[in-house]
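Q: My questions will all concern the structure given below.
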Amino acid sequence: SGVTAEVPPGTNLIQAGEAAGVEMEAGCFNCSCGTCVAEVVDGMENLSEPTPEELDVLDAWNKDPEKYRLTCCVNLLRGEVTLRQSH
């Protein structure tokens, strides 16, 4: 949607999206259902590493963890990230 927000390091991507005024889809908020999956268009290197739980959910949804992340459980470490909601 072309909106941006400045958030502190450690902010998860759902919170960052909400700070930018974007309604983010999510179900469980604990990295288990996959409804919050989003494509990372740019800035994957600025995100926390995926947990084994996140990798399992991405695998169940047939999403490549090098291109997709679950926004409820990944944190911004630094820099900029561009997302595209996947659903």
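The values are calculated or read from the model by the stated rules, or taken from the named source; none is laboratory data. Being a predicted model, the structure only gives us computed values, none of them experimental. Note: ideal-geometry Cβ built from the backbone for every residue, glycine included; neighbour counts use all protein chains shown. For accessibility, only protein heavy atoms count, side chains too; no ligands or nucleic acids. Shrake-Rupley method; radii C 1.70, N 1.55, O 1.52, S 1.80 Å.
Q: Cβ-Cβ distance below 7 Å, separation of 6 or more or different chains: which pairs start in the range 47-75 with a residue that is at pLDDT below 95 and end on one that is open to solvent by 50 Å² or more (accessible area, probe 1.4 Å) and basic (K, R)?
A: Close Cβ pairs satisfying both conditions: none exist.
Q: State all residues of the range 5-33 that are of a type outside the set (A, V, I, L, M), open to solvent by 20 Å² or more (accessible area, probe 1.4 Å) and touching an Asp or Glu at 6+ places or on another chain (Cβ under 8 Å); if no residue qualifies, say none.
A: S32
Q: Can we say E45 is under 13 Å from the mean Cα position of the chain (by Cα) and either more than 19 Å from K67 (Cα to Cα) or not polar (S, T, N, Q) (or both)?
A: Details: under 13 Å from the mean Cα position of the chain (by Cα): yes; either more than 19 Å from K67 (Cα to Cα) or not polar (S, T, N, Q) (or both): yes.
So E45 passes the test.
Q: Sticking with this structure for a sec: Take the range 1-32 and flag every residue that is more than 15 Å from E80 (Cα to Cα) and either out of contact with any helix residue (DSSP H, G or I) (no Cβ under 7 Å at 6 or more places or on another chain) or β-branched (V, I, T) (or both).
A: Within the range 1-32, the first condition is being more than 15 Å from E80 (Cα to Cα), and the residues that meet it are 1, 18, 21-32.
Hits for the range 1-32 are S1, E18, G21, V22, E23, E25, G27, C28, F29, N30.
Q: Give A26, A38 a once-over and let me know the one that is assigned to a loop (DSSP other than H, G, I, E, B), under 18 Å from S1 (Cβ atoms) and either among the aliphatic types (A, V, I, L, M) or modelled with pLDDT under 95 (or both). Walk me through it before giving the result.
A: Numbers: A38 fails: assigned to a loop (DSSP other than H, G, I, E, B).
None of the others qualify; the one that does is A26.
Q: Working only within the range 33-85, note down all residues that are in contact with a strand residue (DSSP E or B) (Cβ under 9 Å, 6 or more places away or on another chain) and among the small types (G, A, S).
A: Within the range 33-85, G34, A38, G43, S48 meet the criteria.
Q: In the range 34-87, which residue that is under 18 Å from Q15 (Cα atoms) and of a type in the set (S, T, N, Q) is surrounded by the fewest Cβ atoms within 10 Å (Cβ to Cβ)?
A: The selected residue is T82.
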